[in-house]
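The structure under discussion appears below in the form of structure tokens.
The values are calculated or read from the model by the stated rules, or taken from the named source; none is laboratory data. Source: prediction; values computed, not measured. Methodologically, a virtual Cβ is constructed for each residue, glycine included, from the backbone with ideal geometry; neighbour enumeration extends over all protein chains shown. Calculation scope for accessible area: heavy atoms of the full protein, side chains included, ligands and nucleic acids excluded. Shrake-Rupley method; radii C 1.70, N 1.55, O 1.52, S 1.80 Å.
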Amino acid sequence: ARARDAVHAPLDADALAADPAPLPVVQVCSDAPDRPTYLRRPDLGRTLSRASFSALPPAGDGCDVLFVIGDGLSATGVQSGAAALVRACIAELHGLSIGPLIIARQARVALGDPLGEALRARVVVVVIGERPGLSVADSLGLYLTYGPRPGCADSERNCISNIHGAGGLSPAAAAALLGRLLRESLRLGLS
């Protein structure tokens, strides 16, 4: 029942945006107009709505890293842990330029690709709610993509998964691992 509730729960993007973050926040949504459509049509969760694309801030000189928080398949996990996870990650990335924090509703991992390209990010990091299992309904994943652009294959991403407080990877450990992977990704020019 908790897994089913986590999949169907809506993300309260306004509450998430109000959580103190050291970055400006931009809210967007995918082409999936609602949760039932999102669950039936994964393809729509991978594309940015036209209205959201038009509302993006100017890219300027771009940034090294862009964080995108997406509800994925566990808005429950995102609501309870994404803000703290992003803050822990930012603390590991001193010396790198970080773009605005993007909060995306009805989002799949690949939604980070058009966002990263539009905001000229060298790397996009998507923080997303993972599909709930039998024992954990609030797990998060981090997906790192160097050179984000529409059409990136999943093989072009690094994933850190099973981030949660019930025996999973701690946010601090996940942030430290992301810091190492991201710096190496920038050094090598790939993910």
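Output yes when any residue across region 117-136 is under 14 Å from the mean Cα position of the chain (by Cα), of a type in the set (Lys, Arg) and at pLDDT 95 or above, and no when none is. No, region 117-136 has no match at all.
Checked against the criteria, Arg2 does not count as farther than 28 Å from Leu190 by Cα, of a type in the set (Lys, Arg) and free of Cβ contacts under 8 Å to residues at least 60 places away in the same chain. Taken over region 52-87, the residue count meeting the criterion of being of a type outside the set (S, T, N, Q) and open to solvent by 10 Å² or more (accessible area, probe 1.4 Å) is 16. Taken over region 108-121, the criterion of being among the small types (Gly, Ala, Ser) and either open to solvent by less than 10 Å² (accessible area, probe 1.4 Å) or part of a strand (DSSP E or B) (or both) is satisfied by Gly112, Gly116, Ala121. The set of residues from region 88-107 being open to solvent by 40 Å² or more (accessible area, probe 1.4 Å) and under 13 Å from the mean Cα position of the chain (by Cα) comprises just one member, Arg105. The set of residues from region 1-30 being open to solvent by less than 70 Å² (accessible area, probe 1.4 Å), part of a loop (DSSP other than H, G, I, E, B) and under 18 Å from Leu115 (Cα atoms) comprises just one member, Leu23. Given the criteria in contact (Cβ under 8 Å) with a residue 40 or more places away in the chain and in contact with a Lys or Arg (Cβ under 6 Å, 6 or more places away or on another chain), does Leu73 qualify? Yes, satisfied. Residue count for region 122-153, restricted to those that are farther than 24 Å from Ser80 by Cα and open to solvent by 20 Å² or more (accessible area, probe 1.4 Å): 7. The set of residues from region 31-61 being in a loop (DSSP other than H, G, I, E, B) and either of a type outside the set (Lys, Arg) or under 20 Å from Pro148 (Cα atoms) (or both) comprises Asp31, Ala32, Pro33, Asp34, Thr47, Ser49, Leu56, Pro57, Pro58, Ala59, Gly60, Asp61.
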